[in-house]
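Right, one structure below, let's go through it.
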Amino acid sequence: MYRLLIAVVAGLLALASTAHGQAFPSKQITLVVPFAAGGPTDTLARIMAERMSRTLGQTVIVDNTTGAAGTVGVGRVARAAPDGYTIGIGHWSTHVVNPAVYQLNYDVLKDFEPLGLIATNPQIVAVRNGFPAANLQELAAYVKANPDKVTAGTAGVGAASHVAGVYFEQKTGGKLRFIPYRGAGPAMQDLMAGQIDMIFDQAANSIPQIKAGKIRGFAITAKTRLAAMPDIPTVDEAGAPGLYIAIWHGLWAPKGTPKDVTAKLTTAILEALTDAQVRERFAALGQDIPAPAQQTPEALAAHHKAEADLWWPLIKAAGIKIE
Ligand code: ASP
């Protein structure tokens with residue numbers, strides 16, 4: 001009886017310590033990617049997951065929970081148990097644009113614990129091989145002359161790929177036909193197969209395909225060219241001045257995840273970002289890794305808030321709606 005009691009007490013103590021995160025992580029961690037496999041967010045998530053697994057001593061598995069421009073996956077993280085075993089990756093459009101477009105049942109600023117800001121990349125305006133335009137100006141002229149004909153793949157209404165397209169329409173006076181996918185991964189497959197005409201896609205997704213000659217890149221949505229793709233002009237150089245979009249990715253845990261748990265996750269993120277191999281892979285994908293002081297949870301929270309304040313009025317004014 002006495003032995004049994006001791007065993008029960010020991011068991012309860014072990015449970016309590018796990019509940020308080022002392023033993024964290026004692027099993028695999030799920031990193032929710034709110035877009036399809038093979039896309040830009042998925043690519044970055046897999047690089048991070050692999051390296052974070054080493055620091056944490058447990059596998060970080062990537063789970064693609066897709067749909068509605070990332071709102072399904074981000075919602076899943078918001079409602080997950082706040083124990084550190086379900087975390088999420090998101091970016092400018094999931095965590096800044098979506099609340100201005102969708103009625104969400106979570107609050108991007110209040111329902112998450114920020115873990116770290118990982119990298120930023122611009123987009124590349126890319127077209128299928130064989131599309132009748134040789135540069136951005138010709139593309140803009142063609143779109144204007146053929147309203148509602150040129151098909152642009154997006155990762156859903158309000159995804160970065162869609163917002164950039166609306167921005168392009170406003171700058172050039174043309175009208176595109178947007179084709180939504182569950183992520184830029186499948187949209188890219190269709191672009192390479194010639195099923196759609198163009199995409200406004202994160203550099204991470206486009207660079208490998210442009211290098212392989214499977215699509216053509218006309219412009220970078222930034223003030224400066226990308227070191228990984230120096231031949232592609234900026235939007236300013238190519239004829240759509242000011243069409244800047246910078247998509248930053250961050251990682252979050254559900255609100256209420258204990259501090260000692262989030263601290264371990266943050267350490268794994270920061271370690272990954274100092275790893276030479278990770279940095280090399282990110283650089284090849286056009287990713288700009290922020291300075292260490294800008295990678296922290298506090299820096300992510302501040303950047304997130306500043307971006308929301310900047311973009312919410314602009315997105316609302318642009319009238320992006322779920323059709
Ligand atoms: N992040 C999306 C993806 O990974 C792309 C987008 O937001 O446009 O597919």
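Determine which residues of region 128-162 fall in the zone a paramagnetic label at ARG177 would reach in this model, i.e. backbone nitrogen under 17 Å from the point 7 Å along Cα→Cβ. Taking a point 7 Å out along Cα→Cβ of ARG177, the residues of region 128-162 whose backbone N falls under 17 Å are 128, 131-132, 142-154.
The residue among ALA268, ALA212, VAL278 whose Cα reaches farthest toward the positive pole of the charge dipole of region 207-323, with charges on the beta-carbon of Lys, Arg, Asp and Glu, is ALA212.
Can you figure out the FRET efficiency of GLN28 with THR267, using R₀ = 30 Å and their beta-carbon distance, to the nearest 0.05?
Plugging the Cβ-Cβ distance into 1/(1 + (r/R0)^6) gives 0.95.
Our helix-only sum for the chain, with -39,500 (n - 2.57) per DSSP H run of n ≥ 4 divided by its residues, gives a mean residue ellipticity at 222 nm of -13500 deg cm²/dmol. For region 242-281, a/c is not less than 1.5, where a ≥ b ≥ c are the root eigenvalues of the C-alpha gyration tensor, and a/b does not top b/c. That puts it in the oblate class.
Taking the C-alpha atoms only, the angle from helix 297-318 to the longest principal axis of the chain is near 40 degrees. Sparsely packed loop sites in region 108-164 (the trypsin sites (Lys or Arg not before Pro) outside DSSP H, G, I, E and B with at most 11 other Cβ atoms within 10 Å) comprise LYS110. If you wrap the Cα atoms of region 99-204 in a convex hull and average its projected area over all directions, you get 7.8 nm².
Considered as an equivalent ellipsoid built on the Cα gyration tensor, the chain has semi-axes of 40, 19, 17 Å, the largest given first.
Against the chain, whose longest principal axis is taken from its Cα atoms, helix 40-56 shows a tilt of about 20°. Rounded to the nearest 20, the Cβ-based charge dipole of the chain about its Cα centre (Lys and Arg +1, Asp and Glu -1) stands at 380 debye. Spin-label model, THR59 to GLN277: label points 7 Å out along the Cα-to-beta-carbon direction sit 1.7 nm apart. Listed by chain and number, the lysines placed with their C-alpha closer than 26 angstrom to that of LYS223 are LYS144, LYS171, LYS175, LYS211, LYS214, LYS305, LYS316; residues fewer than eight positions away on the same chain are left out.
With everything on Cα atoms, drop me the angle between helix 136-145 and the longest principal axis of the chain, reported from 0 to 90° to the nearest 10. Its long axis makes an angle of about 70 degrees.
Since every read-out is calculated from the coordinates, none of them should be taken as a lab result. If you're wondering where the values come from, they're calculated on a predicted model, not measured in any experiment. Methodologically, a virtual Cβ is constructed for each residue, glycine included, from the backbone with ideal geometry; neighbour enumeration extends over all protein chains shown.
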